[in-house]
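Engineer: This is the structure I have questions about; it appears just below.
The values are calculated or read from the model by the stated rules, or taken from the named source; none is laboratory data. In this text, all values refer to a predicted model and were calculated from it rather than measured experimentally. Cβ atoms come from the backbone with ideal geometry, glycine included; neighbour counts cover every protein chain shown.
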């Protein structure tokens with residue numbers, strides 16, 4: 001019995017508790033207008049919560065390029081430029097198929113939006129909204145992301 005418990009601990013329980021952290025990239029899409037600095041949030045496909053455009057690294061693209069690609073696919077950011085390197089990181093638990101949470105570390109890149117398109121790959125799956133950084137911080141769930149938004 002002890003051998004079976006050790007095996008269950010090593011092969012089932014331990015991997016669930018001590019999951020390696022995965023990595024994603026996010027685009028903190030910004031524009032400055034008459035109302036000051038605005039941040040573009042989108043809804044997630046599964047829960048409808050407010051998030052930044054983000055995703056897994058893409059083969060053949062740098063992390064900032066992958067963030068721009070996600071901004072296009074998820075939010076319709078047609079023309080933009082990255083403002084320097086990453087501006088920070090935050091953590092969250094992503095639920096993969098089967099509902100098991102996986103810890104993810106997200107590297108955030110500030111993106112200056114030059115042009116949005118009304119037609120983009122996930123237009124029917126998400127809502128997008130321009131808000132102030134303070135309002136964005138109130139709308140998102142992740143504490144680390146809230147802190148990044150409040151630093152803008």
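Engineer: Can you find a residue that is surrounded by 15 or more Cβ atoms within 10 Å (Cβ to Cβ), touching a helix residue (DSSP H, G or I) at 6+ places or on another chain (Cβ under 8 Å), modelled with pLDDT under 95 and assigned to a strand (DSSP E or B) anywhere in region 53-74?
Structural biologist: No, because not a single residue in region 53-74 is surrounded by 15 or more Cβ atoms within 10 Å (Cβ to Cβ), touching a helix residue (DSSP H, G or I) at 6+ places or on another chain (Cβ under 8 Å), modelled with pLDDT under 95 and assigned to a strand (DSSP E or B).
Engineer: Just wondering, is there one or more residues in region 7-29 that are more than 11 Å from the chain's Cα centre (by Cα), at pLDDT 95 or above, crowded, with 16+ Cβ neighbours inside 10 Å and under 21 Å from residue 132 (Cα atoms)? I'd like the intermediate steps shown before the answer.
Structural biologist: Filtering region 7-29 for residues more than 11 Å from the chain's Cα centre (by Cα) gives 7-22, 29.
With at pLDDT 95 or above added as a condition, the list becomes 29.
Restricting the remaining residues to those that are crowded, with 16+ Cβ neighbours inside 10 Å gives 29.
In the following step, the residues that additionally are under 21 Å from residue 132 (Cα atoms) were identified as 29.
So far as region 7-29 goes, yes, one or more of its residues are more than 11 Å from the chain's Cα centre (by Cα), at pLDDT 95 or above, crowded, with 16+ Cβ neighbours inside 10 Å and under 21 Å from residue 132 (Cα atoms).
Engineer: Would you mind finding the one in 97, 128 that is at pLDDT below 95 and either more than 15 Å from residue 23 (Cα to Cα) or within 17 Å of the chain's Cα centre (by Cα) (or both)?
Structural biologist: Working: 128 fails: at pLDDT below 95.
Unique residue meeting the criteria: 97.
Engineer: Restricting region 91-106 to residues that are surrounded by fewer than 13 Cβ atoms within 10 Å (Cβ to Cβ) and in contact (Cβ under 8 Å) with a residue 12 or more places away in the chain, which is farthest from residue 25 (Cα to Cα)?
Structural biologist: We begin by selecting, within region 91-106, every residue surrounded by fewer than 13 Cβ atoms within 10 Å (Cβ to Cβ); these are 93, 95-101.
Keeping just the survivors that are in contact (Cβ under 8 Å) with a residue 12 or more places away in the chain gives 95, 100.
Details: 95: 17, 100: 21 Å.
Among them, the one singled out is 100.
Engineer: Test residue 51 against the stated conditions and say whether it is in contact (Cβ under 8 Å) with a residue 60 or more places away in the chain, within 11 Å of the chain's Cα centre (by Cα) and closer than 21 Å to residue 115 by Cβ. Step through it out loud before you land on a result.
Structural biologist: Values: in contact (Cβ under 8 Å) with a residue 60 or more places away in the chain: yes; within 11 Å of the chain's Cα centre (by Cα): yes; closer than 21 Å to residue 115 by Cβ: no.
Criteria not met by residue 51.
Engineer: Quick one: in region 35-48, of everything that is closer than 18 Å to residue 110 by Cα and loosely packed, with under 15 Cβ neighbours inside 10 Å, which residue is nearest to the chain's Cα centre (by Cα)? It would help to see each step written out before you state the result.
Structural biologist: Of region 35-48, the ones closer than 18 Å to residue 110 by Cα are 36-42.
Retained after the next criterion (residues that are loosely packed, with under 15 Cβ neighbours inside 10 Å): 36-37.
On the way: 36: 23, 37: 20 Å.
Of everything passing the filter in region 35-48, 37 is nearest to the chain's Cα centre (by Cα).
Engineer: Still on this structure: Between a residue in region 77-90 that is at pLDDT below 90 and any residue that is buried (at least 17 other Cβ atoms within 10 Å of the Cβ), which pairs come within a Cβ distance under 8 Å, given they are 6 or more apart or on different chains?
Structural biologist: Short answer, once both residue conditions are applied: 83/30; 83/109; 83/110; 83/111; 84/110; 85/64; 85/109.
Engineer: Which of the residues spanning region 107-145 are in contact (Cβ under 8 Å) with a residue 60 or more places away in the chain, out of contact with any helix residue (DSSP H, G or I) (no Cβ under 7 Å at 6 or more places or on another chain), part of a loop (DSSP other than H, G, I, E, B) and within 24 Å of residue 36 (Cα to Cα)?
Structural biologist: Within region 107-145, 127, 132, 141 meet the criteria.
Engineer: What's the number of the condition residue 105 fails, among (1) at pLDDT 95 or above; (2) under 18 Å from residue 43 (Cα atoms)?
Structural biologist: (2)
Engineer: Return the residues of region 79-100 that are touching a helix residue (DSSP H, G or I) at 6+ places or on another chain (Cβ under 9 Å), assigned to a strand (DSSP E or B) and over 10 Å from residue 64 (Cα atoms); say none if nothing qualifies. Give the derivation first.
Structural biologist: First, pick out the residues of region 79-100 that are touching a helix residue (DSSP H, G or I) at 6+ places or on another chain (Cβ under 9 Å): 80-82, 85-92, 100.
From what's left, assigned to a strand (DSSP E or B): 80-82, 85-92.
Listed by number, the residues that qualify are 80, 87, 88, 89, 90, 91, 92.
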